[in-house]
1. Nothing charged except the Cβ atoms of Lys and Arg (+1) and of Asp and Glu (-1): what's the magnitude of the dipole of region 223-369 about its Cα centre? Round to the nearest 20 debye.
2. Using the Karplus curve 6.51 cos²θ - 1.76 cosθ + 1.60 with θ = phi - 60°, work out ³J(HN,Hα) for each residue of region 344-355 in order, rounded to whole Hz, and write x for Gly and Pro.
3. Modelled label-to-label distance, residue 69 and residue 339, 7 Å Cα→beta-carbon offset: nm?
4. Calculate the dipole size of region 295-383 relative to its Cα centre from +1 charges on Lys and Arg beta carbons and -1 charges on Asp and Glu beta carbons; express the result in debye to the nearest 20.
5. Working from the alpha-carbon coordinates of region 1-70, get Rg over Rh, Rh being the Kirkwood radius.
6. Of all the C-alpha pairs in the chain, what % are more than 40 Å from each other?
7. Roll a 1.4 Å probe over the protein chains and send me the accessible area per residue for the chain in Å².
8. I want to verify a result. In a Gaussian network model of the chain, Cα cutoff 10 Å, which of these has the top mean-square fluctuation: 43, 344, 360?
Amino acid sequence: MSKIRVLSVFGTRPEAIKMAPLVHAMAQNDELESLVCVTAQHREMLDQVLTAFSVEPQYDLNIMQPSQTLSTITVKALSGLESVLEQSRPDLVLVHGDTSTTFVAALAAFYHRIPVGHVEAGLRSFDKYSPYPEEANRRLTGVLADLHFAPTKQNALNLQREGTVKNVFITGNTVIDALHTTVRDGYRFELDELNGLDYGARRVVLLTAHRRENYGQPMENIMAAVRELAGQYPDALFVYPVHLSPYVQQTARSVLSGLENVLLIPPLGVLDMHNLMARCYLIMTDSGGLQEEAPALGKPVLVLRRETERPEAVDAGTVLLAGVEKSAIVAAACRLFDDTGAWRAMSHAVNPYGDGQACRRIVQDILYHFGRAVSPADDFIPR
Ligand code: UD1
Ligand code: UDP
């Protein structure tokens, strides 16, 4: 019997981090042939991940442009994928999450009548413009998908409420599989500055911010809040790996440059990032992935957004929605600096998003769908 040919298509840093363990799991299975196409919607930040996880794409569309618009990503990726799909003729196209690459790859596969598997399906904020454009990307991808790999039961219920009940699998999030391979005791950072820090003695706050819906006043509020906190807590160190988006670079540098206890650094390699998360005191972020990783590491998170499509850790009490107003962000952070009880209450490790077995489940579910396994995988149940 011939192998089932699976083409994974991704383009940005978070998709690559979450797809890398799955690409490896599929390559190790005798029934599957695993191919990878990157749109390279991100270039440097994608390449950092490909190198860290030793993923070598068969196809690279290399579409990124400085300050690209949603339309240019869409047009370039859609036309580039045309010939990749014609050449590779996969039995299944796998996409991940909610980026422009995700939606466009699902659309391209649909145009070629190739079945689509959606990894990280079913997350919903129920607000079309927040996260923007990700909420719509994820929903549109769901409409085009044939297999839905929902990380949590809540995500599967969201799909069910929309009438999607067939081929929905509850797998856990592959990011937890990735995390199991990256965090280690005694890790030496590639960025040497991070090796010299005494994480026990000095409170290190890790900051990231990049969301399009936060461009403008919200992003300025976030930066102003960090500036105020840095002044109020001179003993703390704010470490900020700044996203390469020109808008984010410009805003971060104009508000936060030159402060003694704010370290503005380039995007970190994923090994450095995960190990820094494991050692820090507090995380302030608008990232989706960090909201999933931090709870597994027992780190409190202040989410710099008005909503989240990841309510599980908020419910578990380790993630707090701080919003995008300066005073609210400052107040939430001050509480975690000044009240050790409040900090401790948010610092317990919980795993609502995965148990490190998501890739095994997804592989089995794919085999089952193609009649090569007798049953689908067990559901992920948080413990
Ligand atoms: C994209 C995703 C977002 C995801 C984020 C992860 C969309 C619409 N948005 O947003 O869902 O959370 O990636 O980080 O798909 N740049 C570089 N080098 C890089 C990466 C980016 O220079 O390696 C710069 C470029 O100028 C690029 C800009 O950043 O034009 C924005 O990149 P883009 O992918 O359009 O948007 P993100 O904000 O990164
Ligand atoms: N990350 C990284 N280096 C950084 C910042 C983030 O490796 O400097 C990782 C992070 O650990 C997580 C992922 O990138 O796995 C999240 O990506 P991002 O915040 O860009 O996107 P989102 O998750 O919001 O879509």
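The values are calculated or read from the model by the stated rules, or taken from the named source; none is laboratory data. Everything numeric here is computed off the predicted structure, so don't read it as measured data. Note: ideal-geometry Cβ built from the backbone for every residue, glycine included; neighbour counts use all protein chains shown. These accessible areas exclude ligands, DNA and RNA; they are computed on the full protein's heavy atoms, side chains included. Shrake-Rupley method; radii C 1.70, N 1.55, O 1.52, S 1.80 Å.
1. With Lys and Arg at +1 and Asp and Glu at -1, about 140 debye.
2. 4, 4, 9, 9, 7, 6, 10, 10, x, 9, x, 10
3. Those two pseudo-labels are separated by 4.7 nm.
4. Details: 11 positive and 11 negative charges, 43 e Å.
It works out to roughly 200 debye.
5. Numbers: Rg = 12.9 Å, Rh = 12.5 Å.
My calculation of the ratio gives 1.03.
6. Values: 8884 of 73153 pairs.
Taking all Cα-Cα pairs of the chain, the fraction more than 40 Å apart is 12 percent.
7. On the way: 15550 Å² over 383 residues.
Roughly 41 Å² per residue, with all protein chains present.
8. 344
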